[in-house]
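Structure, as structure tokens:
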């Protein structure tokens, strides 16, 4: 029997806290922009984001938000118990890319920019939800 162990560590947001603020029309627009075409006929009130999360084409809301980050520096993960995260993991100096954020505030801005694309939250409300010290682990 084998066991996996993983850690979500960095600056980010617990995506489970965002579900209540998701805007169906914004989610539909974002999915279309990402190339998902099968929602053309769906009315916003009939739309269910879970049809696009939970494995196809995205693993969870954190994965979906990663696709909305045009810098490709944010990540997603989960704790194995249903809590998922959208976050930035600080990197070692020798593995940093040119587009890495230069400050914690820049990380916050990247998270906020992605979240407001699909949620009915102000920038200040998203800012208040960001955790600068995520450290969660999971086993499976």
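Tabulated values for the structure
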item: Every pair of residues 6+ apart whose Cβ atoms lie under 7 Å, when the first sits in segment 27-49 and is on the phi > 0 side of the Ramachandran plot and touching a residue at least 24 places away in the same chain (Cβ under 8 Å) while the second is surrounded by 14 or more Cβ atoms within 10 Å (Cβ to Cβ) and assigned to a helix (DSSP H, G or I); result: none
item: Checking residue 124 against (1) surrounded by 12 or more Cβ atoms within 10 Å (Cβ to Cβ); (2) assigned to a helix (DSSP H, G or I), the condition it does not meet; result: (1)
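Every number in this text was worked out from the coordinates using simple rules, so none of it is lab data. Quick caveat: nothing in here was measured; it's all calculated off a predicted structure. Glycine gets a Cβ as well: all are built from the backbone with ideal geometry, and neighbour counts include every protein chain shown.
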